[in-house]
Structures are given as structure tokens and as C-alpha cells.
């Protein structure tokens, strides 16, 4: 409410100032009214500039300001060194000096802005209370922190931008860690350890923010509100949060989807060596697993329980829970190949 009052005051001050300023040039009605309209336009431009500056990180603003000041200083030195001695007519010196100041100031501003991104202050990294205004911001939810794989991903450098951890997520982790249930307590402590590990990574910018939304009760809803405010993305492995966030136009990075997408590609007809670990649902089937946890159902594999055997992939099925691979024994495939001259999947 207070910000709206300030904005209204800004419009009033600019409009009234423009009115009286232009009235000094001419008391006739059209001229002061033009000053009134010009004041309103100026106030609108100031608010647009303010909105744009809010989206720029403080490090970039400071870098740009320092670069601009240095650019103006360089322009002043060059102007005093050359233009004051080369020209006798001030009419020629003034335009050239203006161009020099504009060019040097702009170059300094741009270089300072870019160099500001390279500044990393430890105190900002751990205790930042200001919301990062960048589309590269990634907001972590409780489930993905407890899961722990996010620490390995950030260590590889594939995650760009700051990792934002709201205080209400930390409170939820602390509540889980203090639970009387031993399983929940272990999960909560694991989540806190994962965060501590991520904070120690030199290449990761972790920002803990105090922003809360008292009117919103659910933690998932608070995450969505925060993502809207910072224009960032939510990292999660919670399918329900994934669906709700996408319905509200929030970009979501799902760890489970990432894990499924980088699993080794296995094609029908490929030969692999696996160990049969348990029985399948159908008669005679055996079940094995790849190193990444992908389940392989082997026809007639039950008789080889506990043994390493060679199998031929017949088909690959993608399910919401992941991939399933169906295979048959290599020895059976070879017998059919010798008998028929063809290697066909079962049922064909």
C-alpha cells in the first residue's frame, strides 16, 4: 500500500512541477498543460526504469556504476589533454567532448556490468536476503534436497544461476529432522547435510532468502509464489508439485526426468550380460537390473537364478516409473537362428 502512495506522489510532483516550469515560458493555457503531460510521462519513465533496475542483480549494478564512473574519468582526461589545445572554437569542442563522454561512459557501463557477474562475495553467498531477479535462478524444494542427487548435479557444473533456498524450506527440513519418527528424522538430517555440502562447493552460488507468504499455508504453493516473484525455475522430483507448477506457467526441472533421460540407450537386438536376481511375474521369467536400476525381464531366465548370463534385448518399454527392458536368453536365440536362419522376437 505504501509503495502505491509513493507512486501517486511521484506522479503529482512531476506533473505539478512540469506545469509550473512550462508556465514560466508562456502563461497561455496550452503550454502549461504540455508541461503537466510531460511531467506524467517523466514519472512513468521513472517507474519503468525502477522496474528494470529491480531485475538487475546488485553485483551488476555496482559493477556498472563503477565502470560508468571510470569511463567518465577517462573521457575527462582525454578531453582535457587533446580538445582544449587543438581547437580554438568552443563550438567545435563541445560536440566532440559530448560524444567522447557518451562513448566512454557507455563502454565503462557495459564492461562494469559484465565484470560485476564475476564478483563472488562469501557473505552474499550464504546469507543473501535479497531475492535474485534472474531467469537462471533455481529454487530447490524439500524433496529434491532430501533426495541428494542435486548435490552431484551442481558439482558437475550443469546448473547455471543461483540456487535459491527459501527459509520456509529450511524450517520444514528442520522440523523433519526433529521428528519423533526415526525415518523422518534421518531424512531431515540427510537434507541438511546435502545443503551443507552444496554450500561448500566453490562454483555454486547458494542464496538463502527470508521471503515468506503468510497468507499461503502449503509449502508447495509458497514455492510457486516465490518462483513467480523471482521469475525462476523450481527443481523437484515431486510429480504433484511438477503438475501444479506447470499449470500455473512455472518452469520445472524434474530430477527423475533428468535421470531417465541420461540412462544408457539399449536397442532391440543388442546383447548384454546380466545377473538374474529374482523371479518374474510370469512363469519361467527371471528379473535382472542394469547398473542404473533399469529392470530387465528375461524369458525363461528363472532357471539361471543367481548366475551371470548373456541375453538378447527384444523390446524396450517406457513407463511413467521408468524403462523396462524385455530380453531372451542368447542360447535360445542362437538355436532359433541356426534352425530358421532368422532371429525373431518372441511371438513373431
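The values are calculated or read from the model by the stated rules, or taken from the named source; none is laboratory data. Just so we're clear, the structure is a prediction, and the values are computed from it rather than from any experiment. All Cβ positions, glycine included, derive from the backbone under ideal geometry; neighbour counts span all protein chains shown.
Exactly one residue out of 256, 260, 240 is over 21 Å from residue 314 (Cα atoms) and surrounded by 13 or more Cβ atoms within 10 Å (Cβ to Cβ), and it is 256. For the range 271-281, the set of residues classified as outside any loop (DSSP other than H, G, I, E, B) and surrounded by 11 or more Cβ atoms within 10 Å (Cβ to Cβ) consists of 271, 272, 274, 275, 278, 279, listed by residue number. When you check residue 170 against the structure, is it under 17 Å from residue 241 (Cα atoms), touching a helix residue (DSSP H, G or I) at 6+ places or on another chain (Cβ under 9 Å), outside any loop (DSSP other than H, G, I, E, B) and at pLDDT 90 or above, yes or no? Taking the combined requirement at face value, the residue does not satisfy it. For the range 203-234, a residue qualifies if it is farther than 26 Å from residue 52 by Cα and not in a helix (DSSP H, G or I), and the qualifying residues are 203, 214, 215, 216, 217, 218. Quick check: is even one residue across the range 197-212 farther than 19 Å from residue 160 by Cα, surrounded by 14 or more Cβ atoms within 10 Å (Cβ to Cβ) and free of Cβ contacts under 8 Å to residues at least 24 places away in the same chain? The answer is no; no qualifying residue exists. In the range 275-287, the residues that are in the same structural domain as residue 311 (by TED's automatic domain parsing) and on the phi > 0 side of the Ramachandran plot reach residues that are assigned to a strand (DSSP E or B) and surrounded by 14 or more Cβ atoms within 10 Å (Cβ to Cβ) with C-beta atoms within less than 9 angstrom, at least six apart or across chains, in these pairs: 284/299.
The set of residues in the range 240-253 that are within 19 Å of residue 150 (Cβ to Cβ), in a helix (DSSP H, G or I) and touching a strand residue (DSSP E or B) at 6+ places or on another chain (Cβ under 8 Å) comprises 241, 242, 245.
In the range 285-304, what count of residues is obtained for those that are part of a loop (DSSP other than H, G, I, E, B) and surrounded by 13 or more Cβ atoms within 10 Å (Cβ to Cβ)? Break it down stepwise before answering.
Pass one, the range 285-304, residues part of a loop (DSSP other than H, G, I, E, B): 285, 290-294, 300-301.
Applying the additional criterion that residues be surrounded by 13 or more Cβ atoms within 10 Å (Cβ to Cβ) yields 285, 290, 294, 300-301.
Residues meeting the conditions: 5.
Conditions (1) modelled with pLDDT under 80; (2) surrounded by 14 or more Cβ atoms within 10 Å (Cβ to Cβ); (3) part of a helix (DSSP H, G or I); (4) over 38 Å from the mean Cα position of the chain (by Cα), marked per residue:
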site	(1), (2), (3), (4)
4	yes, no, yes, no
19	yes, yes, yes, yes
56	yes, yes, no, no
60	yes, yes, yes, no
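A quick yes/no check of all residues on (1) closer than 30 Å to residue 238 by Cα; (2) at pLDDT below 90; (3) assigned to a loop (DSSP other than H, G, I, E, B):
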{"residue": "268", "(1), (2), (3)": "no, yes, yes"}
{"residue": "283", "(1), (2), (3)": "no, yes, yes"}
{"residue": "318", "(1), (2), (3)": "yes, yes, no"}
{"residue": "336", "(1), (2), (3)": "no, yes, no"}
{"residue": "345", "(1), (2), (3)": "no, yes, yes"}
